[in-house]
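These notes concern the structure reproduced below.
The values are calculated or read from the model by the stated rules, or taken from the named source; none is laboratory data. It should be emphasised that the depicted structure is a prediction, and the values quoted were computed from it without experimental measurement. Neighbour counts are summed over all protein chains in view; Cβ atoms, including those assigned to glycine, are modelled from backbone coordinates with ideal geometry.
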There are 2 protein chains.
Amino acid sequence: MNRRHFIATGGAAGALLQKRAAAAGPVPQQILPGVWKFSFGKPEKITPVTTRHYAPAKRGFDGLPTVSACPVNVTGEGSRRGFLVSVPLAPNEAPYGLGLQLQSFVQRGSKKRLRVNADPKMDTGDSHAPVPFYVTTRGYGILVDTARYATFYMGGKKTVKTAPAPADTSAPFTIAPDALPAAYRRANIRERSEVLVEVPEAEGVDVYVFGGPSMRQAVQRYNLFSGGGALPPRWGLGMWYRVKADYKQDDVLKLAAEFRESRMPCDVLGLEPGWQTHAYSCTFVWSDKFPDPQAMISDLGRKGYRVNLWEHAFTHPTSPIHDALVPHSGDYQVWGGVVPDFLDPQATKTFADFHEARHVALGISGYKLDECDNSDFTGNWSYPEVSRFPSGADGEQMHCLFGQRYQDAIQSVFEKRRQRTYGLVRSSGALAAPYPYVLYSDLYDHKDFIRGLANAGFSGLLWTPELRDGASPEDLIRRLQSVALSPMALINAWYIKNPPWKQVKRAANNNDEFAAGWQEIESKCRKVMELRMRLVPYIHAAFVRYHREGMPPFRALVMDYPEDPRTWAIENQFLVGESLLVAPAFAGESARDVYLPQGDWFDYWTGKRHTGKQQMRIDVPLEQIPIFVKADSLLPLAQPSLHTADAACWRLEVNAYGEKPAAAMLFEDDGSWAPALTEVRLEWDATRRAGALRRTGPGQYEVTRWIPIS
Amino acid sequence: MNRRHFIATGGAAGALLQKRAAAAGPVPQQILPGVWKFSFGKPEKITPVTTRHYAPAKRGFDGLPTVSACPVNVTGEGSRRGFLVSVPLAPNEAPYGLGLQLQSFVQRGSKKRLRVNADPKMDTGDSHAPVPFYVTTRGYGILVDTARYATFYMGGKKTVKTAPAPADTSAPFTIAPDALPAAYRRANIRERSEVLVEVPEAEGVDVYVFGGPSMRQAVQRYNLFSGGGALPPRWGLGMWYRVKADYKQDDVLKLAAEFRESRMPCDVLGLEPGWQTHAYSCTFVWSDKFPDPQAMISDLGRKGYRVNLWEHAFTHPTSPIHDALVPHSGDYQVWGGVVPDFLDPQATKTFADFHEARHVALGISGYKLDECDNSDFTGNWSYPEVSRFPSGADGEQMHCLFGQRYQDAIQSVFEKRRQRTYGLVRSSGALAAPYPYVLYSDLYDHKDFIRGLANAGFSGLLWTPELRDGASPEDLIRRLQSVALSPMALINAWYIKNPPWKQVKRAANNNDEFAAGWQEIESKCRKVMELRMRLVPYIHAAFVRYHREGMPPFRALVMDYPEDPRTWAIENQFLVGESLLVAPAFAGESARDVYLPQGDWFDYWTGKRHTGKQQMRIDVPLEQIPIFVKADSLLPLAQPSLHTADAACWRLEVNAYGEKPAAAMLFEDDGSWAPALTEVRLEWDATRRAGALRRTGPGQYEVTRWIPIS
């Protein structure tokens, strides 16, 4: 099809098609090493890139190989519908990403309209965090810089009206169709196709191409372009527990004491809506449930707890900042509250100053920023897409950017105080990597949640498959295991009074009726939480690589093994850091399939060695979430502790897997705003079968034991 | 908010907002009695009205009262986003409609993007048959004439930046908020608001306002404007049964014989994909499973059966019409087949001629037009919204119109042959009332299906809650009861070999393992099917009113009783014709609540009289779907027959309810293209307690028995 043709002609409706900008073949401009920009027509003024808060992390590019030429050509054209971008898709090329997609993985053959939505129950592109970025097995990524609900057509088949183009023989991989989901098999994977991206309303758009040459490196470049990955404080990597929404100050203190007594690890306690005088919409003012928040925070701090506050941004008329926000807010209310225009510096300042004075100055460590996705499709009436904001954004643009600009407002407090934070947010978008905020959802399917974990790593997102309650103790433990191997180990008990291990049934739990033998469940949960605590140094090091190199700490197998098509459809396993492969188990399943990629792998629990490039059926005993350690790696494991401030958390046992374990790096983090991150090198001498810890200066990590496993 | 203000100004993005046409306050033009048209800006050339096939049924307006002035004022304005229309919404005003919405009913407070989608699992406006039309309790309807995915914001609350407008005291009804769903209670129902409709891409739009003065009359005017309602042939109102997709010719004949033998009523047998040589995409050519279709159709015809064919429009390369269609089809394939441009007369003719020659000429009675909704959101790749068609339509427009223009193509065959048909279609839209096609869905929630029945009547649609199989025999019977009281009494056994009453479990059914005591289930199902057959004359008469007066034969209670707010949220009961109220029962429920509106009502099964304006809890014995008959009405019931060609179907018993039953009208229908429809008047003499049948000429109906019930 000659697209210029159909633009120029057309029948009845053709007259309406106004060719706004058909900048066919603009020359891509290299803006960073291996990063090219195609600029089409007149791009909109409000986009993820133009409103970005973080600058690219330029130094990170130094460690990446040179990419000599832009790996794909992008074309574009305008019409009355908006702007249409086309990127070729080769036979056997598989694209991934598009943000937090909970219900699909390999995107070839799919259509996704990237619409911000709090209840993404259908696989249409609706998401808490849609990202107009994808990456393919051919080792490049594409960012379409738009704050619109763009539609991505990930390969389709045109009507053959003229002689077909010659077959493309450049495909580097052959693919095993039976390893792929049905939708993918239907998607003409063997044929040359294209990705079409339609950006509504726009008269032009900038498209960024991120070279690899590998898939992983393409994602690294995207994350570095975004500003580098977030580095959470160490305490953020401990256990989190959010208390019931109606907890009072004394209830919180009592639970905090109980956790220490019962030796259940916890670093952060989160308060849910009840802490405010009015919560839907919000006042941001402490309610009488918390008569002395300062005393509570200090008391908890002495016990090694941080406190995190739930909120959303829609500001109730009784909030002290309401009237000041009105002139700097949108023209529609949500839950009777105003919607601050976070693209307006005055709204941001009013909002941030109040948060600093009333919460952060008291010692609040961070926030859970709820409801910032678009809930108006599902029962509520969030601000419409036709809303207008003082900054000039309309509602659609604001929905696309609201999550991040809201994070900017909150971050401005922590930046000003030079204080690190880690928190939660329910919406995010493009260029999100630098934000120390983890996504979550009210959806609650365990398998979808794991798919989310695998998917989030493609698009610079962090995601927690948070634990609320369980259908059964087994479900509880399985979900807790997944949470423990995620960016944030979060138990969110916002609707249950007692910890879920005492009673998984909501009504009984809230009636203080504990399950018979709950202590055994508690004990199993403690073991899982201790596993998380043991992994804190390892996960922290993975985050340092995210921060410096843009390498996602949690990611799908295909990202590291794109040359192996058997990894392409694996959405229920994921990699953590450089050495761990996790294959979560689900309630009701006593065995599962695991695919191990190239190389040898050791079962974390038994130490048994498995050869890679094979699929295995494994038993999954309830106490064990399947974890495999790559051969020839060193795995540092801290002593289990109740929180990360405990010195035990710096004392390591190191497992040395295989014959020639490579050195592993940890990082001293003093928790400060810009930590020096002294490198701590763990080395193994295969001849002597002994290890050594080397560091450049004074520090805290020490190894108490080296354990060879082979 | 002064909207002109934000259009003219605006910050960063403001410059992009081009005011295309702000035709503030065009004068509405009365185009038909009680129907006004507001024309804004430059409307698109391809819309439901501009591509309509049926002319308005002008004569139908004669029977409606005069409406002296346009009941609401509509305003509009353009921007880069498209065209925005605003219609005021009074306090306590409840809007309904927007097409086949399966998951919501009262639309106040909701947001719906009217997107054509085959899997409308979320309540976002996605639908098989979205219709840009709504009607409110204040007795008017609004049609936004667009073939775009318009977004309807059904009332919201603006940020109060200036002094609020004075309270509106014109609301005619007070409302009981606790009778309404939660979303509705949140929707500021007591405040003055507006409906905002955003039409993307357009530079203008026509908006039609349909006066009442009652809600029901507003819907009548909309249906008459559409061309009047469809009048199915009598045989279309009998029982339907679709056979398993892989049935061969002999299997069909065998089943047909079995139904007559076992005395299970059936008028129409439907064939599923297996009848074609290739079905995804389609060839429209008989496969070798049907070696002599002509003989089969004739044989079945002699037994009183019609045959209906499944198909979709995407045309496989091996179809004899493929090559001729290519130049008249869209630029993207679906399932490897071309997409005919049914706005192009040549595509329509090629398609229709083949259907006539190969099917209709052989005696095929009609079609099931599948997959004409947009399946590309859910695993398949239908043609993209950016597709181009030779007629000038883009993919979005074509998705909005495809269902109806596809029906036009098929209808052209029946029009040419002056032959009535009744069939199925999976997508429809605005102005659909004249089409003798019933909607259906792959979704299968019984309660959603009943909500669909109540909703369809607002928007000129017909809908069947088709029966496939049941989770249990109870579920089977409950679903069959609902189907029997719907526009099409359809059993769709496309994936089960034997009738579901022999075995509800799919695998066992296909393995010829019948349930113990299946004969008892069969007997119960027969009773339900006989109930349908008894109601054929009554339902036919209701369809005549649909045809002539635009009165929906199946509709929600609120449409007849908008002055009673307790009816407003009732989505699980519906009215059939002028005298019946149906309250389906669902598997697992031994009782249900029923609300009876004003007047007295008789229980159809027991004859017990109930006073209206009350909610009751009733027991629901498995054999009985709750039906209530309005007092003072005559209900004609035919003798149960195996099909509508049986003379028994013309022999009536008439129940006379209450003291003074009003006359009831039936219509002689000879089945011809333009039947004379002789009126048959049933009258009751309260003094003599005797009835009489009066007709103007010779005919077939006769009353064998009059039964007074009071």
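Does A:S365 satisfy the condition of being crowded, with 24+ Cβ neighbours inside 10 Å, more than 14 Å from chain B (Cβ to nearest Cβ) and among the polar types (S, T, N, Q)? So A:S365 passes the test.
Based on what the data block shows, is A:P636 touching a residue at least 24 places away in the same chain (Cβ under 8 Å) and part of a strand (DSSP E or B)? Yes: the conditions hold for A:P636.
Regarding region B:400-423, can at least one residue be identified that is more than 14 Å from chain A (Cβ to nearest Cβ), among the hydrophobic types (A, V, I, L, M, F, W, C) and touching a strand residue (DSSP E or B) at 6+ places or on another chain (Cβ under 6 Å)? Within region B:400-423, one or more residues are more than 14 Å from chain A (Cβ to nearest Cβ), among the hydrophobic types (A, V, I, L, M, F, W, C) and touching a strand residue (DSSP E or B) at 6+ places or on another chain (Cβ under 6 Å).
Within region B:25-68, being of a type in the set (K, R) and either more than 30 Å from A:E385 (Cα to Cα) or within 12 Å of chain A (Cβ to nearest Cβ) (or both) holds for B:K42, B:K45, B:R52, B:K58, B:R59. Filter region A:275-317 down to the residues that are touching a strand residue (DSSP E or B) at 6+ places or on another chain (Cβ under 7 Å) and assigned to a loop (DSSP other than H, G, I, E, B) and list them by number. Answer for region A:275-317, where residues must be touching a strand residue (DSSP E or B) at 6+ places or on another chain (Cβ under 7 Å) and assigned to a loop (DSSP other than H, G, I, E, B): A:S281, A:T283, A:F284, A:V285, A:S287, A:Y305, A:H312, A:A313, A:F314, A:H316. Of the residues screened, B:R108 is not one that is assigned to a helix (DSSP H, G or I) and of a type outside the set (S, T, N, Q). Note on region B:667-710: residues that are under 33 Å from the mean Cα position of the chain (by Cα) and in a loop (DSSP other than H, G, I, E, B) amount to 15. From the set of residues in region A:639-654 that are of a type outside the set (D, E) and part of a strand (DSSP E or B), which is farthest from A:T678 (Cα to Cα)? Per the stated criteria, the residue is A:V654. If you scan region B:111-136, which residues turn out to be assigned to a loop (DSSP other than H, G, I, E, B) and either modelled with pLDDT under 95 or within 13 Å of chain A (Cβ to nearest Cβ) (or both)? Hits for region B:111-136 are B:L114, B:R115, B:N117, B:A118, B:D119, B:P120, B:K121, B:M122, B:D123, B:T124, B:G125, B:D126.
Here the helices (runs of 4 or more DSSP H) wholly within region B:393-493 that include at least 1 residues being under 22 Å from B:Y538 (Cβ atoms) and free of Cβ contacts under 8 Å to residues at least 60 places away in the same chain are B:473-484. Condition test on A:T606, is it closer than 30 Å to A:P565 by Cα and without any contact (Cβ under 8 Å) to a residue 12 or more places away in the chain? Considered against the rule, which asks whether it is closer than 30 Å to A:P565 by Cα and without any contact (Cβ under 8 Å) to a residue 12 or more places away in the chain, A:T606 comes out as yes. I'm trying to understand the selection: among the residues of region A:365-391, which are over 18 Å from A:Y149 (Cβ atoms), assigned to a loop (DSSP other than H, G, I, E, B) and modelled with pLDDT of 95 or more? Across region A:365-391, the qualifying residues are A:S365, A:D370, A:P390, A:S391. Scanning region A:90-110 turns up no residue that is over 21 Å from the mean Cα position of the chain (by Cα), within 13 Å of another protein chain (Cβ to nearest Cβ), under 28 Å from A:E203 (Cβ atoms) and not hydroxyl-bearing (S, T, Y).
Taking region B:312-362 as the range and being under 22 Å from B:I46 (Cβ atoms) and among the aromatic types (F, W, Y) as the test, the residues that pass are B:F314, B:Y332, B:F342, B:F351. Taking each residue of region B:247-275 that is under 13 Å from B:W494 (Cβ atoms) and looking for partners that are surrounded by fewer than 19 Cβ atoms within 10 Å (Cβ to Cβ) and of a type in the set (D, E) with beta-carbon atoms closer than 8 Å, six or more apart or interchain, yields B:G274/B:D246. As a summary of the residue check, B:Q419 satisfies the conditions (1) surrounded by fewer than 23 Cβ atoms within 10 Å (Cβ to Cβ); (2) closer than 24 Å to A:G82 by Cα except for the one numbered (2).
Among the residues of region B:661-710, those that are of a type outside the set (A, V, I, L, M), over 23 Å from B:A230 (Cα atoms) and loosely packed, with under 14 Cβ neighbours inside 10 Å comprise B:D685, B:T687, B:R688, B:R689, B:R694, B:T696, B:G697, B:P698, B:E702, B:T704, B:R705.
Look at (1) in a loop (DSSP other than H, G, I, E, B); (2) more than 26 Å from A:S375 (Cβ to Cβ); (3) within 11 Å of another protein chain (Cβ to nearest Cβ) and you find that B:P71 fails only one, number (3).
Taken as a whole, region B:514-529 holds no residue that is touching a helix residue (DSSP H, G or I) at 6+ places or on another chain (Cβ under 7 Å), of a type in the set (D, E, K, R) and within 21 Å of B:L635 (Cβ to Cβ). Across region A:607-652, the number of residues qualifying as of a type outside the set (D, E) and closer than 30 Å to A:Y241 by Cα comes to 26. All conditions in (1) in contact with a Leu (Cβ under 9 Å, 6 or more places away or on another chain); (2) surrounded by fewer than 17 Cβ atoms within 10 Å (Cβ to Cβ); (3) within 28 Å of A:I450 (Cβ to Cβ) hold for A:E589, with the sole exception of (1). Please verify whether B:L100 is at pLDDT 95 or above, closer than 16 Å to B:R451 by Cα, in contact with a Gly (Cβ under 7 Å, 6 or more places away or on another chain) and not polar (S, T, N, Q), treating the condition exactly as stated. It is true that B:L100 is at pLDDT 95 or above, closer than 16 Å to B:R451 by Cα, in contact with a Gly (Cβ under 7 Å, 6 or more places away or on another chain) and not polar (S, T, N, Q). Filtering region A:322-343 for residues that are surrounded by fewer than 20 Cβ atoms within 10 Å (Cβ to Cβ), more than 14 Å from chain B (Cβ to nearest Cβ) and of a type outside the set (A, V, I, L, M, F, W, C) leaves an empty set.
Residue-level analysis places B:G76 among those that are outside any helix (DSSP H, G or I) and modelled with pLDDT of 95 or more.
A:Y444 satisfies every condition listed in (1) more than 22 Å from A:L237 (Cβ to Cβ); (2) crowded, with 23+ Cβ neighbours inside 10 Å except (2).
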